[in-house]
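Contents: one structure, followed by commentary.
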Amino acid sequence: AATETINQAPPEIKEHLVQRLAEQRMTAGNYAEARQLITQSATNPRARRQALDNLERQAAFTEAAQGRMEEALKHLAKVSNSEERAEAVSELAYQIGAGQKRATALALLETARSLVGTSIQAETGSHMRALLQLANAFSRYDAKRGFEIVEPLVEQFNELGAAARTLNGFGLNYFLDGELSL
């Protein structure tokens, strides 16, 4: 009935109504129905992709809050925007593995690590934050693996610092009183 009502709505509010109904379905745990609503009703491809990414992120956080981290990571894998995916992994990193056996925790952390990308160095600031959070989470179970993630980031940070020193004063000031401003 709601879908029929939305189909009769004026075009200027139709997408908003679809989004609200999809959010309602998602809140009720009906992710497949919410995804179907967005896929069938959103006419703008960019808006559709963004709505689907939002749905998957929200579903991931809901699943994580309920202790279903494997399901949460599956939802994050469907987020098309790598920046948003990395930010979500960063937010969930500390929860990954909590209350799990060591082997399960490590497997979940490896899955989360793969969601950030395959490069050993960060592609963006969001990726770097996510990798640092994951390295911290790994250190609770396997310090060596945590260091394996951090070491390339230290090298990359040193390179970024040198580049910032070279560019300092040319448009932006990266250093304040001789220290790199983060």
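What number of residues within region 13-33 satisfy the criterion of being closer than 17 Å to Ala72 by Cα and aliphatic (A, V, I, L, M)?
3
Would you kindly identify the helices (runs of 4 or more DSSP H) lying entirely within region 1-114 that contain at least 1 residues that are open to solvent by less than 20 Å² (accessible area, probe 1.4 Å), of a type in the set (Gly, Ala, Ser) and on the phi < 0 side of the Ramachandran plot?
On the way: elements: 2-8, 11-27, 31-41, 45-65, 69-77, 82-92.
Answer list for region 1-114: 11-27, 31-41, 45-65, 69-77, 82-92.
Please find, among Gly171, Gly161, the residue that is open to solvent by 60 Å² or more (accessible area, probe 1.4 Å) and over 24 Å from the mean Cα position of the chain (by Cα).
Values: Gly161 fails: open to solvent by 60 Å² or more (accessible area, probe 1.4 Å).
Result of the check over Gly171, Gly161: Gly171.
Would you check which residues across region 115-140 are surrounded by fewer than 17 Cβ atoms within 10 Å (Cβ to Cβ) and of a type outside the set (Lys, Arg) and list them?
Taking region 115-140 and keeping what is surrounded by fewer than 17 Cβ atoms within 10 Å (Cβ to Cβ), we get 118-121, 123-125, 136, 139-140.
Of everything in region 115-140, those that are surrounded by fewer than 17 Cβ atoms within 10 Å (Cβ to Cβ) and of a type outside the set (Lys, Arg) turn out to be Thr118, Ser119, Ile120, Gln121, Glu123, Thr124, Gly125, Asn136, Ser139.
Do you know which residues across region 113-146 are over 19 Å from Glu84 (Cβ atoms) and not basic (Lys, Arg)? Show your work before the answer.
Of the residues in region 113-146, the ones over 19 Å from Glu84 (Cβ atoms) are 120-121, 135-146.
Of everything in region 113-146, those that are over 19 Å from Glu84 (Cβ atoms) and not basic (Lys, Arg) turn out to be Ile120, Gln121, Ala135, Asn136, Ala137, Phe138, Ser139, Tyr141, Asp142, Ala143, Gly146.
The values are calculated or read from the model by the stated rules, or taken from the named source; none is laboratory data. Keep in mind that what you see is a predicted model, and the values were worked out from it rather than measured. Virtual Cβ from ideal backbone geometry, glycine too; neighbours counted across all protein chains shown. Protein only, heavy atoms only, side chains kept; ligands, DNA and RNA dropped before computing areas. Shrake-Rupley method; radii C 1.70, N 1.55, O 1.52, S 1.80 Å.
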